[in-house]
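Values quoted throughout were computed directly from the atomic coordinates according to the rules given, and no laboratory measurement underlies them. Here the structure is a predicted model, which means the values were calculated and not measured. Ideal geometry is used to build each Cβ from the backbone, glycine not excepted, and the neighbour counts take in all protein chains shown.
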Amino acid sequence: MTEHESENFERQLRRTRPARLPASFAARLLAAEPKPSAGVESAPPAPSTADYLRTLRRSLRWLIPATAMALAVMVAWHDTSPFTSRPAGSPAGPAAASPLLKADDVKIDQRLVSSFDAVARLPGGEPVRFRCENWMDQVVLSDKSRGLVVENRKPRIEVVAMGY
């Protein structure tokens, strides 16, 4: 189909009106619609697990960095605070203490070990699909001057609610 033909076709489609719904089909649709009971108000639907997990993930997305910043500020304030007690004769200030570990090389690795989907039913009966991922996180710090290597490996599981 050429561009000119497709423009004509689109113009014709815009001019056409949709057909009327057959009366028998419209009557069946209206009969199948549930009618509210007189005097009984329906309660709003309870939040689903997917909504709860989505809200939790949004909260954690901000809470984790904010907590890390608060801890960093507390440590920095503690090291420079004049109110911290020091042994007599020890020099004051953060430059006086030598660090236990000076990391020359830092490696951070995240590996996806496995993933699978699972389906569960909520108490209301609606199905919810979950994506489950197993991760292995690894951090390696090296101090070449002292010959130290610190390695931390930790498994992590992520479960995310997915829509159908």
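Taking region 104-132 on its own, how many of its residues are on the phi < 0 side of the Ramachandran plot and in a loop (DSSP other than H, G, I, E, B)?
Total meeting the criteria: 5.
Out of everything in region 141-164 that is in contact (Cβ under 8 Å) with a residue 60 or more places away in the chain and in contact with a Leu (Cβ under 8 Å, 6 or more places away or on another chain), what residue ends up being surrounded by the most Cβ atoms within 10 Å (Cβ to Cβ)?
Across region 141-164, the extreme among qualifying residues is 161.
Six or more apart or on different chains, Cβ atoms under 9 Å: show the pairs whose first residue is in region 112-140 and loosely packed, with under 10 Cβ neighbours inside 10 Å and whose second is of a type in the set (A, V, I, L, M) and assigned to a strand (DSSP E or B).
What qualifies is 117/162; 121/128; 127/119; 127/120.
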